[in-house]
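Below is one structure, written out as structure tokens; comments come after it.
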Amino acid sequence: MRYKLTLLTLAISLEILAQSPYISRVWEYMPAPGQFVNELPEYQEGDDANMMRLKAEEAIADNNRGMITLGGWGGYVVFGFDHMITNSANKCDFVVYGNAFYSDTNNQAAKQGGSCEPGIIQVSFDANGNGRPDDKWYELAGSEHNNQAVKHNYQLTYFRPANDHIATPSVRNNALIDTTHILWKDNHSNSGYMYQLTYHTQPYFPQWIDKDSLTFIGTRLPDNYADLSGNGSYYVLYAYDWGYADNHPNDNPKAQLDIEWAVNEDGTPANLPGIHFVKVYTGVHQQCGWIGETSTEITGAEDINMTNGINDVIGSEHSAEAYYTILGSYIGTTQPNAQGIYIVRKGNETYKIILK
Ligand SMILES: [Ca+2]
Ligand SMILES: [Ca+2]
Ligand SMILES: [Ca+2]
């Protein structure tokens, strides 16, 4: 049975509208070494992991549109929202914003390129309901998921330069001031160095980390760059088709992400009703001459259907019902089965119902 309790109550309306479609909290910030690490956000002497987390939050939460770097392959950020992002049927649900752009000469529909630095997306549903990202993670299977060149379960370890490390400048390229800055080793018996550039002379290893090495595990996308000049003067980083962060410009529909793409380890669909948390990590392991290693940048994220939903409600009296918990968390567009008090929004009207 269902009883309509009250007429429109302003307080509850405000409570619902106070929900934000944007990131509400950064839970963890752990970049791999990189040319913008310790600068985006800026490390200051004495900062610990929590202070750096707060700086990352200040940059990308609440639609502030600052910027953080994730460093080289594997470096990541974990953030969340103040509500569940619903998996709306047959459409994308959210966007993770970055700073990808196409360079004009390569802006052709067939193969768009410029500065595209794809980040892998993982999502999590707060299954244990404790409001914390301690539940199972699911990767969004983007356009390259079945590409034979993708390395799944890739593992990469970066090593802190020794205290007595001496830079090895390149003899052929003035931009590379230390070609042995960060040693790395992967689980395919490869090793090499991330070099330091003359444009970014700060340490590239995260300075708030005490450990002498950092290991990351995940999916490695194939390299996406081409040296169009043939002499190292002009690199283009091509966008993958869909399903990644910092891969297409933010306003391109191909930047949008669908919770439907979330898969289990064996590749079967996860069938999530929605998500509370997102993890993004740099997806390629490459460096391109004077522009250095490829590192995903993040500037924010948005529940696009929630934004559109608010607009729908304001613009139409005929929109579908939307159900919320008594605390204002969005549930969905169909009446919940469980007993309790719910808030319903329909058109310009907002009211409570009791389900018994
Ligand atoms: Ca969807
Ligand atoms: Ca949890
Ligand atoms: Ca970027």
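Here, each number is a calculation from the coordinates, and none is a lab measurement. Owing to the predicted nature of the structure, the values given are computational and were not obtained by experimental measurement. Heads up, the Cβs are rebuilt from the backbone with ideal geometry, glycines too, and the neighbour counts pull from every protein chain shown.
Quick notes
- Once the Cα-Cα distance is subtracted from the 0.36 nm per residue extended length, the residue 191 to residue 175 segment shows a gain of 3.6 nm.
- Between residue 146 and residue 91, the simple label model (points 7 Å from Cα in the Cβ direction) yields a spacing of 2.7 nm.
- Cα gyration tensor, the chain - rounded (a/c under 1.5), prolate or oblate: prolate
- Under 30 Å from residue 91, Cα to Cα: lysines that are on another chain or at least 8 residues apart: 111, 136, 151, 254, 279, 346, 352
- Neighbour counts of other Cβ atoms within 10 Å put 275, 354, 177 in the fewest-to-most order 354, 177, 275.
- Counting neighbouring Cβ atoms within 10 Å and putting the fewest first, the residues 45, 144, 39 line up as 45, 39, 144.
- Taking 135, 164 and counting other C-beta atoms within 10 Å, the order from fewest to most: 164, 135
- Relative to the dominant Cα principal axis of the chain, helix 304-315 is inclined by about 40°.
- When each of the peptides 286-293, 188-195 is scored by the mean number of other C-beta atoms lying within 10 Å of its residues, the order from highest to lowest reads 286-293, 188-195.
- Percentage relative contact order, the stretch 35-149, counting C-alpha pairs under 8 Å, at least six apart: 13
- Helix-only CD estimate at 222 nm, as mean residue ellipticity for the chain, using -39500 (n - 2.57) per DSSP H run (n ≥ 4): -2500 deg cm²/dmol
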